[in-house]
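Written out below as structure tokens is the structure these notes cover.
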Amino acid sequence: MPDSVLPRSPALLDAAGSQKMNHLNGQSLAEAVHSADALLQATQGYPFHANLDANGNFQNTDYVCQDFDNGITFLLTATGESSGYTAQTSFTDDGHDGTGTMTVSGVGISQQVGASLTGSGVASFNANAGTPYTIWLRIAALANSKYNDSVWVQFSDAQANGSPIYPLNSTVGLLVNLATDSTAGSLNNWGWQNAAYWLSQATTVTFATSGTHTMRIQVREDGVQFDQIVLSPSTYATSPPGPPGGDSTIVPKS
């Protein structure tokens, strides 16, 4: 964001050269600029449209800054109209006098859990009926960014408190987010996690029958990596195999 924007001047919204927008390339993009300033106690959306080129770049100058925008923080959300992927970032009109453009960049891609989405893998495992298993994932975020640190988890037949939970081919899943708070200060290469700090979710599940079961790990944000999945009935039932950041713990396969 190198420059401020004069009132009644257009804001340049772009993602030029942004690696994160590559998942949206070649699509029609629906953008929405929302006022996110807490003092307004309201969110006003301004929908615009743009087309991405083959490299995932776009520009839009439809939003015209007003006098009352000085000092206001905005949330920019871009949604691929065919894929459903979203990219999001924030920017602030600093209110300084001058000429130039307000540039938005460094956005991240995220997607909601669903039946057919990009970036998912399926694993089979054995579990005993009625035994509680706590799930842990060893995750890393590209560039230690909080826009690259989360996945969805679904099961073929898991239960919690006797009811089905996180079923395959549904729009419900366990959200595992590596960062432990909104500052993402905990992100430091690999770490263990089984939840999202802003949600209350069941992380211990049971199965009605013994034998083979299926789990699906689905990318929520591009740039996320994972290399181990642990379902523990005892050793890691209440605590993870390692810390949420700076981890070097590898759990032997049992």
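The values are calculated or read from the model by the stated rules, or taken from the named source; none is laboratory data. Everything numeric in this text was worked out from a predicted model, so none of it was measured. Cβ atoms come from the backbone with ideal geometry, glycine included; neighbour counts cover every protein chain shown.
Observations on the model:
- So A179, is it assigned by TED's automatic domain parsing to the domain that holds T134, surrounded by 19 or more Cβ atoms within 10 Å (Cβ to Cβ) and of a type outside the set (F, W, Y): yes
- Pick from region 182-205, criterion over 23 Å from T131 (Cβ atoms) and in contact (Cβ under 8 Å) with a residue 40 or more places away in the chain, ranking: surrounded by the fewest Cβ atoms within 10 Å (Cβ to Cβ): N189
- Single unsatisfied condition, D227 versus (1) modelled with pLDDT of 95 or more; (2) in the same structural domain as N194 (by TED's automatic domain parsing); (3) acidic (D, E): (1)
- Any strands (runs of 3 or more DSSP E) falling wholly within region 173-254 and containing at least 2 residues that are farther than 17 Å from K146 by Cα: 204-207, 211-219, 224-232
- From the list A237, A208, the one residue that fits, being in contact with an Asp or Glu (Cβ under 7 Å, 6 or more places away or on another chain) and surrounded by fewer than 18 Cβ atoms within 10 Å (Cβ to Cβ), is A208.
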